[in-house]
Amino acid sequence: MAVENIVIIGSGPAGLTAAIYAARAGLKPLVIEGVRTGGQLMTTTDVENFPGFPEGILGPDLVARMRRQAERFGARFAEQDVTGADVRRRPFVIEIGPERHEAAALIVATGATARRLGLASEESLFGRGVSACATCDGFFFRGKDVLVVGGGDSALEEALFLARICKSVRLIHRRESLRGSRAMQERVNAASNISFVWNAVVEECLDPALGRFVGARIRDPRTGERSMLEADGLFVAIGHEPATALFRGQIDLDPAGYVVTVGGTTRTSVPGVFAAGDVQDPRYRQAVTAAGSGCAAALEAERFLAEDKS
Ligand code: NAP
């Protein structure tokens, strides 16, 4: 089996930018893009802050353009999920089911996924009125009353998106002040059908016995007081978890599970393994910062391969 120069795991802006750079360097990278290609941009609507698109661009369009650009320079793609990885010896081994790939350098750009509340009733009603993606499921709640949980930009973005489709949106936040940016807060405040439920945590999604969401039981964390909010849907938008399970015990991760990179580079604790995008970035998590770190990872991988051969 031929050893690949570079395998890139992930096909969000980090993985695809790394692919563009590695492909242009003649390294013919193999991108394992996952069954759900494109990462979180696929579930975003308008991206208004990616430089070069003054009118904004749809997340999936941006991904498709990056993918075409990488392909044009010779990147190859596998539309599957990685099922195993061994980076304890070189060449590194990446498994896709029974298929095995070996790589001289690896770029981990696996991103992060939406966090859940962790309630049994949330799990049992997931897809039955409970969702973590307004752009995927909002359509089903046309003209209805929905709840959004969270106080960051994700929650504000979900609320704004849903406000265009739904009759009413109530944003449930566990504190009294939002974490999201001022610009987003201003837009939410300007929407006539978005209101806030402050100091409230969701304790239970109802009603698993009915098999569909009819409302949430909430509690005020300061007083312990409980109340009911009736609604047709609930969207969980409380942040993200890095997708690093494959590398636990092999690459240094921080306590929250993000890949630790060395001193402002994309180098990880394993020489030859680089990390880019949200998987190593709990702070900025933007498409453009992910793309930037994807570029850096490809440049570092290229240098690593050149030094390795010399
Ligand atoms: P985030 O900023 O970490 O916000 C998560 C929110 O969920 C916080 O308000 C947090 O409450 C709340 N939360 C967390 N766990 C909870 C739980 N178990 N129960 C109830 N509430 C919980 O995450 P994010 O909103 O996904 O944003 C992540 C990054 O992406 C940010 O840098 C953001 O600016 C960026 N982003 C930007 C855009 C955009 O510009 N269009 C869109 C989406 C995301 P506390 O505030 O009390 O901690």
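Numbers below:
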| read-out | value |
| --- | --- |
| Residue selected from segment 135-144 under the condition open to solvent by less than 50 Å² (accessible area, probe 1.4 Å) and closer than 16 Å to Gly59 by Cβ, by the criterion modelled with the lowest pLDDT | Thr135 |
| For Arg72: the one exception among (1) within 16 Å of the ligand (Cβ to nearest atom); (2) farther than 27 Å from Arg248 by Cα; (3) open to solvent by 30 Å² or more (accessible area, probe 1.4 Å); (4) modelled with pLDDT of 95 or more | (1) |
| Leading residue by the ranking (most open to solvent (accessible area, probe 1.4 Å)) among those in segment 81-99 that are free of Cβ contacts under 8 Å to residues at least 24 places away in the same chain and under 24 Å from the mean Cα position of the chain (by Cα) | Thr83 |
| Failed criterion for Ala191 (all others in (1) within 12 Å of the ligand (Cβ to nearest atom); (2) in contact with a Leu (Cβ under 9 Å, 6 or more places away or on another chain); (3) over 16 Å from Ala237 (Cα atoms) hold) | (1) |
| Residue that is more than 16 Å from the ligand (Cβ to nearest atom) and open to solvent by less than 10 Å² (accessible area, probe 1.4 Å), where the choices are Val273, Val260, Val279 | Val273 |
| Hits in segment 215-231 (condition: surrounded by 12 or more Cβ atoms within 10 Å (Cβ to Cβ), within 15 Å of the ligand (Cβ to nearest atom) and more than 23 Å from Asp153 (Cβ to Cβ)) | Arg217, Arg219, Asp220 |
| Answer residue from segment 44-69, given it is away from the ligand (no atom under 16 Å from the Cβ) and of a type in the set (A, V, I, L, M, F, W, C) and is nearest to Gly272 (Cα to Cα) among those | Met66 |
| Some residue of segment 145-157 being open to solvent by 50 Å² or more (accessible area, probe 1.4 Å), touching a His at 6+ places or on another chain (Cβ under 8 Å) and touching a residue at least 60 places away in the same chain (Cβ under 8 Å) | no |
| Residue count, segment 100-134 (criterion: surrounded by fewer than 18 Cβ atoms within 10 Å (Cβ to Cβ), within 15 Å of the ligand (Cβ to nearest atom) and either farther than 28 Å from Val259 by Cα or of a type in the set (Lys, Arg) (or both)) | 3 |
| Selection count where residues are assigned to a loop (DSSP other than H, G, I, E, B) and under 26 Å from Lys167 (Cα atoms), scope segment 210-231 | 7 |
| Some residue of segment 232-244 being outside any strand (DSSP E or B), touching a residue at least 24 places away in the same chain (Cβ under 8 Å) and either touching a Pro at 6+ places or on another chain (Cβ under 6 Å) or more than 16 Å from the ligand (Cβ to nearest atom) (or both) | yes |
| Which listed residue, of Gly97, Gly15, Gly84, Gly56, is more than 30 Å from Ala155 (Cα to Cα) and touching a strand residue (DSSP E or B) at 6+ places or on another chain (Cβ under 8 Å) | Gly84 |
| Members of segment 149-170 that are within 16 Å of Glu230 (Cβ to Cβ) and more than 10 Å from the ligand (Cβ to nearest atom) | Cys166, Lys167, Ser168, Val169, Arg170 |
| Residue that is farthest from Arg100 (Cα to Cα), among those in segment 26-56 that are buried (at least 19 other Cβ atoms within 10 Å of the Cβ) and aliphatic (A, V, I, L, M) | Val47 |
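The values are calculated or read from the model by the stated rules, or taken from the named source; none is laboratory data. Remember, it's a predicted structure, so these values are computed and weren't measured experimentally. Ideal geometry is used to build each Cβ from the backbone, glycine not excepted, and the neighbour counts take in all protein chains shown. What goes into the accessible areas is simple: the full protein's heavy atoms, side chains included, and nothing from ligands, DNA or RNA. Shrake-Rupley method; radii C 1.70, N 1.55, O 1.52, S 1.80 Å.
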